[in-house]
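Below: one structure, written as structure tokens.
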Ligand SMILES: [Zn+2]
């Protein structure tokens with residue numbers, strides 16, 4: 001059965017609780033927004049807590065119904081007039097004791113291709129997102145007839161809530177050595193693989209950070225193994241990372257080009273080169289033969305849509321700490337801090353930076369990145385930036 005229909009049937013998120021529980025009575029529904037995209041209409045519910053929900057459809061007229069627990073509806077009056085795309089109108093409010101309901105009136109047959117929660121960030125609560133796609137009347141009627149079904153596995157919330165650090169715990173830095181296993185990354189002038197350089201470097205950065213005694217460190221990989229880009233993000237989030245550093249080294253046909261650069265996430269790349277670099281780094285999963293048409297692929301693109309500005313600001317702050325530290329050791333590129341859409345930087349709630357330490361296609365850069373002493377010095381510089389960044393957060 002196609003997954004869009006499956007999800008549409010009925011989706012229950014939560015701990016298997018019924019919708020009529022009063023556990024969510026304090027939850028506030030703050031807004032309902034409608035976004036029109038080329039291929040879908042997106043309805044977003046701004047809530048103060050993650051709640052269970054279920055979705056079903058009704059024909060003649062075409063409607064999508066979202067059932068939620070009873071909660072406080074503090075949605076601005078303007079929300080009721082929101083329409084556009086496939087949405088002709090909407091209603092919301094308490095439906096019966098213990099239950100709220102939202103009814104979306106459709107302009108024509110439309111199917112909920114996806115629905116999921118975006119976890120809360122520091123500045124905003126969780127958001128329930130419904131992506132509605134145009135369908136045929138036939139497909140719509142099939143969905144109306146379909147028996148209710150629970151979807152228990154991970155189809156529901158694509159991202160879990162990031163665990164919070166205990167007050168007694170030190171902040172966690174996750175270091176991500178780029179590439180690995182079947183994906184060698186760039187290949188150096190002497191034939192060395194980027195995946196080896198990044199792992200060696202990451203291990204040294206870990207050592208340097210731990211030597212300061214103020215942080216915890218975890219690596220996304222500690223051996224020569226392939227890890228999909230999204231899993232790297234998931235590892236960082238699941239571990240409760242407060243900073244994510246992805247380490248890379250580039251290569252280019254022109255062997256004279258050298259220098260390091262620091263990249264943070266942005267919807268639009270700061271320049272053509274950065275866009276091309278992101279496209280190249282994002283190919284890692286393709287190289288390994290991974291099917292990218294999966295569910296979470298779209299989730300990551302959605303996350304950048306509804307961007308977590310705050311996380312992006314923190315990422316930029318770290319980049320600002322890192323540039324002067326690295327500059328003392330590494331030849332940095334003109335405009336050392338740039339932006340592009342790197343998949344590995346898309347954790348919505350973990351400040352993330354990708355460091356290109358240099359060009360393995362350049363003999364000098366390659367030597368610098370394979371030499372133990374220069375590596376150790378670079379690792380210490382990164383550790384100092386990490387330390388400064390967390391000190392700045394505290395003050
Ligand atoms: Zn790379």
**Request:** Arrange the peptides 105-112, 357-364, 173-180 so that the one whose residues have, on average, the most other Cβ atoms within 10 Å appears first.
**Result:** 173-180, 357-364, 105-112
**Request:** From the C-alpha gyration tensor of the stretch 186-250, pull out the three semi-axes of the equivalent ellipsoid (sqrt of 5λ each), sorted largest to smallest, in whole Å.
**Result:** 22, 16, 9
**Prompt:** If you look at just the Cα atoms of the stretch 172-394, how large are its Rg and its Dmax in Å?
**Reply:** 15.8, 44
**Complete:** Here, the stretch 3-145 modelled as identical Cα point scatterers in vacuum has Debye log10 I(q)/I(0) at q = 0.14, 0.15 Å⁻¹ of -0.61, -0.70
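None of the figures in this text is laboratory data; all of them are computed from the coordinates on show. Since the model is a prediction, treat every value here as computed from it, not as a measurement. Here the Cβ is made from the backbone with ideal geometry for all residues, glycine too, and neighbour counts use every protein chain on show.
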